[in-house]
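Have a look at the structure below before the remarks.
The values are calculated or read from the model by the stated rules, or taken from the named source; none is laboratory data. Predicted, not measured: the structure shown is a model, and the values here were computed from it. Note that each Cβ is placed from the backbone with ideal geometry, even for glycine, and that neighbours are counted across all protein chains shown.
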Amino acid sequence: MQCGKSDISTSGRFNSIPNRRSPMRPHARRFAPSIGAATALLLLTTGCSTSSSPSPSETSGASETSGYPVTLENCGREITVGAEPERIVSLWQSTTEALLALGLGDRIVAVQEAYAPYPDSVAAEAEGLTSVGSQMGFPSKEVLLSQQPDFVTGQVLEGFAFDASQGYASVEQLEQAGATVYGANLCTMTDNQSIETWNIDTVSKTLRDYGTIFNVSAKADEVIAGLEADREKVVSAVEGAPTVKTAYFNGGTGPVIVLAGGIYDDLITTAGGENVFPSDATFVSKEEFAAADADVILVGTFPGQDFATQKAFLEENFPDHPAVKNGRISEVPTQETDSSISVMVGLTKIANALHPDLGLPVPTS
């Protein structure tokens, strides 16, 4: 979807993907960027881990001024970076955005094709990036290794972009080839269900670690401070406001898909709402959706999906739903509720949808 990119063919594809949500939802039909960006990725597995995982990173190494090597705890494993990485491959859009926000575009040799337009703040830098794989598939082992990366980053280290059974390079194979592999935002297949392991702060953890790894901690702190300032505006604005019952609709005609748990719950709660569906909900019947009785319905869209069509479906199928009757249906693109530099855009849009009298200016990203 991006201009100015060159494409390198890949043999790794997302084949016969069951449906569209989290790793604990094996009934999805196919990967599609309509599902929250991160949770769509997590659908690609057939196995599920029930154990809790460490946070993506706990830095225990050198600071920006003390040089290399630096050592970090990442997803339960220790990684040591001996020198500033110079050849980066990024295997998810949000990680690419974070790297670009830190001014590291000249070190990126390849990225997985973006599933949505890049934020304005990094769009120009993204135009010349080389794409390996596609929106619907990660690069094969051969294609990835041909880039000769010394640093590879993506979401979830358990399979997905690193699943050798799908023809992708495993973490071990990449490390044997001399690359440091960093699991960003999510470590395991179940991290997306819990606010403790996937929340608004997740992108800041990733940015902070990138800052340490690439010796740009001051820039990382600057980006994080901007995100925190945008969040504080929302937190202050909704303080004392009544809690609003909220559903985050993500398509489907029956059963329908809802976004719940993890960062979705954190965003809704921070914006002064309460998700009417439990954290493990994904597919719910029309009857269940109607009975949830939400005051506001958020519609998660992706590029190419028409909000008007989704809104019309809700109006036609749930005419007695409180949110429908009161005209409280709002679009919040799933790209803006991922662990990305756009997360505060999504938070602000949710706050305005839940509390329309606020009229908060939507930040740029």
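Just one residue in the set Thr246, Thr206 is on the phi < 0 side of the Ramachandran plot, assigned to a strand (DSSP E or B) and at pLDDT 95 or above; that residue is Thr246. Selection of segment 172-210 for residues being closer than 22 Å to Asn275 by Cα, surrounded by fewer than 21 Cβ atoms within 10 Å (Cβ to Cβ) and not charged (D, E, K, R) yields Ser194, Ile195. Scanning segment 345-365 for residues that are under 20 Å from Glu274 (Cβ atoms) and assigned to a helix (DSSP H, G or I) gives Gly346, Leu347, Thr348, Lys349, Ile350, Ala351, Asn352, Ala353, Leu354. Only one entry in Ile263, Ile297 is more than 27 Å from Met136 (Cβ to Cβ) and not in a loop (DSSP other than H, G, I, E, B), namely Ile297.
Against the numbered list (1) more than 23 Å from Asp191 (Cβ to Cβ); (2) modelled with pLDDT of 95 or more, Pro333 comes up short only at (1).
Yes or no, residue by residue, for (1) in a loop (DSSP other than H, G, I, E, B); (2) farther than 27 Å from Ile108 by Cα; (3) modelled with pLDDT under 95:
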| position | (1), (2), (3) |
| --- | --- |
| Val181 | no, no, no |
| Asn215 | yes, no, no |
| Gly226 | no, no, no |
| Ala237 | no, yes, no |
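Taking the conditions (1) within 30 Å of Pro363 (Cβ to Cβ); (2) surrounded by fewer than 24 Cβ atoms within 10 Å (Cβ to Cβ) in turn, Ile213 satisfies each one other than (2).
Among the residues of segment 242-253, are any more than 23 Å from Pro322 (Cα to Cα) and not aromatic (Phe, Trp, Tyr)?
First pass over segment 242-253, keeping only residues more than 23 Å from Pro322 (Cα to Cα): none.
No, the conditions are met nowhere in segment 242-253.
Counted as qualifying within segment 68-171 are the helices (runs of 4 or more DSSP H) with 3 or more residues that are hydrophobic (A, V, I, L, M, F, W, C), crowded, with 24+ Cβ neighbours inside 10 Å and at negative phi, namely 93-101. Scanning segment 226-273 for residues that are in contact with a strand residue (DSSP E or B) (Cβ under 7 Å, 6 or more places away or on another chain) and exposed (fewer than 15 other Cβ atoms within 10 Å of the Cβ) turns up just one, Thr243. Which is at pLDDT 95 or above, in a loop (DSSP other than H, G, I, E, B) and farther than 24 Å from Ile224 by Cα, of Gly327, Gly304? Gly327 is the lone residue from the list that is at pLDDT 95 or above, in a loop (DSSP other than H, G, I, E, B) and farther than 24 Å from Ile224 by Cα.
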